[in-house]
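The values are calculated or read from the model by the stated rules, or taken from the named source; none is laboratory data. Remember, predicted model here, so these are calculated numbers, not experimental data. Here the Cβ is made from the backbone with ideal geometry for all residues, glycine too, and neighbour counts use every protein chain on show.
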Amino acid sequence: MDIPQQREAAYAEAAKLKPTRYTSDPDVIDSPAETIKVKAQWAAYFKAMDDALVQYPYTDEELARRPKPCEATEAT
């Protein structure tokens, strides 16, 4: 399996950790204990996503295919 496929597989595994609740949910906002719990769940999810990218970084070929941002031009 090549790096992009491994990265996608790692992302799929990390996606299993994605919480279904948000800190803006009424039952979470009203409970400091639930807020801490939901924040921890989101932190674990984002860490797993970040770890996948660290373990399987974008290849030079993938980076070369990415669109380049437009260069800013001075208005005259």
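A few remarks follow.
- Note on region 1-34: among residues that are touching a helix residue (DSSP H, G or I) at 6+ places or on another chain (Cβ under 6 Å) and small (Gly, Ala, Ser), the one that is nearest to Pro57 (Cα to Cα) is Ala10.
- Selection count, region 23-55, where residues are more than 30 Å from Arg65 (Cα to Cα) and in a helix (DSSP H, G or I): 17
- Scope region 1-22; condition assigned to a loop (DSSP other than H, G, I, E, B) and modelled with pLDDT of 95 or more; matching residues: Lys16, Leu17, Lys18, Pro19, Thr20, Arg21, Tyr22
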